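Here the structure is laid out as structure tokens; the discussion comes afterwards.
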Amino acid sequence: MTGHLGHQPLKGVRVVEIDGLGPVPYACRLLAGLGADVLRVTRPESGPLTGVGTALTVGRPARTVDLKSDAGRRELLDLLRKADVLVEGLRPGAMERLGLGPREVQRRYPRIVYARMTGWGQDGPLAERAGHDITYAAIAGVLHLAGSPEQPLPPANLLADFGGGSLFLVVGILAALLEREKTGSGQVVDAAMVDGAASLATMLHGLAAQGMWSQRRGSNLLDGGAPFYSTYRCFDGGFVAVGALEPQFYAALVSGLDLTARFAEDQISQENLSSWPAMRAAFAEAFATRTRDEWASHFEATDACVAPVLTLKESTTHPHLAARGVFAEEGGAVLPRVAPRFSGPDSIEPPRPGKNS
């Protein structure tokens, strides 16, 4: 797997990945996509990963090592001799019990960055407990933000696993590598999904502290409470997403729905919260008169911030994403390329509309 559009800013960085599920392999996919040389160390008992696992591990070479044996532990230490980063996502204490914890590894290789991914962190009352995205997001307070007013619902496993987990792990690894250039020493990166998930909600904590965010789900500006920041069902059963927050975008939305005169007559305005129920009803009635794609085409050339709610499959062929080369076939599947993209001497021009990505 090559870096997005060919650039590889992490070329020369060597990573040893202790194979696992979810956040660790996705983080290592990002590192590999940015040019790092990543070797997956798989355990004999783990067997081949299927389904979602293959999308996260495709393109990285694997080597089976029995870490429960003396020979296997020696083999891993030998692999780390030339490595810059070790990434592991086992429960706290598991690597220490194998004699492969950060103290033992960094005693041998003081420059190595030892990156650890767990749900609850390396310490704290819940550190030894099992969990999944939904439980980490629940404790972090971010699960409360998602779903309907009647019930919180998880947005797949994107909040804690990948948003709060993988991305913060990568940030920690990159920061540790940068600091190593100054100090000559590696360090331990303790990335916990619950920490990262909580951090993602920083702006909302700030709004709540100022009395600008209600604890009642579905009543706020950004959680579907505002009728101009919500989704609407269309004639064909599809949905459009509306994000017309700024006054000029809101005006474009109202005009595009041919509601300007009606709203003026009925004194329905963006600033008047008491008129929001009537506004929502009017929007719902209007969007129900055409199909999703008809509305998408209608608003495409405007700044009304209206977009079709696409399925995963549909997103892979959307003209904008195709023009930017966001997706590519890899390992028999169409997958998103690694982001972000960079300017550099080895960058490749993105495909233009009408050309293969």
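Pairing each residue of the range 101-118 that is within 24 Å of residue 161 (Cβ to Cβ) with any residue that is aromatic (Phe, Trp, Tyr), provided the two are 6+ apart or on different chains, yields C-beta distances under 8 Å for 102/114.
Sort out which residues of the range 175-204 are part of a helix (DSSP H, G or I), of a type outside the set (S, T, N, Q) and loosely packed, with under 13 Cβ neighbours inside 10 Å, and write them in order of number. Full working, then the answer.
Within the range 175-204, the first condition is being part of a helix (DSSP H, G or I), and the residues that meet it are 175-183, 193-200, 202-204.
Now narrow it down to the ones that are of a type outside the set (S, T, N, Q): 175-182, 193-198, 200, 203-204.
The answer is 178, 181, 182, 203.
Taking the criterion of being of a type outside the set (S, T, N, Q), out of contact with any helix residue (DSSP H, G or I) (no Cβ under 9 Å at 6 or more places or on another chain) and in the same structural domain as residue 115 (by TED's automatic domain parsing), would at least one residue in the range 186-201 satisfy it? Don't jump to the end; show me each part of the working.
Quick first cut of the range 186-201, residues of a type outside the set (S, T, N, Q) only: 186, 188-198, 200-201.
From what is left, the residues that are out of contact with any helix residue (DSSP H, G or I) (no Cβ under 9 Å at 6 or more places or on another chain) are none.
No; the residues of the range 186-201 include none that is of a type outside the set (S, T, N, Q), out of contact with any helix residue (DSSP H, G or I) (no Cβ under 9 Å at 6 or more places or on another chain) and in the same structural domain as residue 115 (by TED's automatic domain parsing).
Just one of (1) surrounded by 18 or more Cβ atoms within 10 Å (Cβ to Cβ); (2) under 29 Å from residue 10 (Cα atoms) fails for residue 73. It is (1).
Give the residues of the range 287-325 that are among the hydrophobic types (A, V, I, L, M, F, W, C) and in contact (Cβ under 8 Å) with a residue 12 or more places away in the chain, sorted by residue number. Passing the criteria: 287, 288, 295, 296, 299, 304, 305, 306, 307, 309, 322, 323. Please indicate, with yes or no, whether at least one residue in the range 104-125 is part of a loop (DSSP other than H, G, I, E, B), touching a Ser or Thr at 6+ places or on another chain (Cβ under 9 Å) and of a type in the set (A, V, I, L, M). Taking every residue of the range 104-125 in turn, none turns out to be part of a loop (DSSP other than H, G, I, E, B), touching a Ser or Thr at 6+ places or on another chain (Cβ under 9 Å) and of a type in the set (A, V, I, L, M). Remark: pairs (first residue in the range 248-266, closer than 16 Å to residue 290 by Cα and of a type in the set (Gly, Ala, Ser); second residue in a helix (DSSP H, G or I) and modelled with pLDDT of 95 or more; Cβ separation under 9 Å; 6+ apart in sequence or on different chains) = 256/295; 256/298; 256/299. Are any of the residues in the range 324-337 under 19 Å from residue 252 (Cα atoms) and either surrounded by fewer than 16 Cβ atoms within 10 Å (Cβ to Cβ) or not small (Gly, Ala, Ser) (or both)? For the range 324-337, residues under 19 Å from residue 252 (Cα atoms) and either surrounded by fewer than 16 Cβ atoms within 10 Å (Cβ to Cβ) or not small (Gly, Ala, Ser) (or both): absent. For the range 113-124, the criterion of a residue being under 18 Å from residue 185 (Cα atoms), assigned by TED's automatic domain parsing to the domain that holds residue 194 and among the hydroxyl-bearing types (Ser, Thr, Tyr) is satisfied by at least one position.
The residue of the range 128-141 that is nearest to residue 198 (Cα to Cα), among those that are in contact (Cβ under 8 Å) with a residue 40 or more places away in the chain and in a helix (DSSP H, G or I), is 140. Residue check: residue 144 meets all listed conditions (1) surrounded by fewer than 16 Cβ atoms within 10 Å (Cβ to Cβ); (2) in contact (Cβ under 8 Å) with a residue 12 or more places away in the chain; (3) under 19 Å from the mean Cα position of the chain (by Cα); (4) outside any helix (DSSP H, G or I) but one, namely (4). Say whether the condition of being among the acidic types (Asp, Glu), more than 21 Å from residue 92 (Cβ to Cβ) and not in a helix (DSSP H, G or I) is met by at least one residue in the range 149-169. Yes.
Among the helices (runs of 4 or more DSSP H) confined to the range 251-313, the ones with at least 3 residues that are under 28 Å from the mean Cα position of the chain (by Cα) are located at 292-299. Taking the range 215-243 as the range and being of a type in the set (Gly, Ala, Ser), over 23 Å from the mean Cα position of the chain (by Cα) and within 20 Å of residue 289 (Cα to Cα) as the test, the residues that pass are 237, 238.
The values are calculated or read from the model by the stated rules, or taken from the named source; none is laboratory data. Only a predicted model underlies this, so the values are computations on that prediction, with no experimental measurement involved. Because the Cβ atoms are built from the backbone with ideal geometry, glycine has one as well, and the counts that use them run over all protein chains shown.
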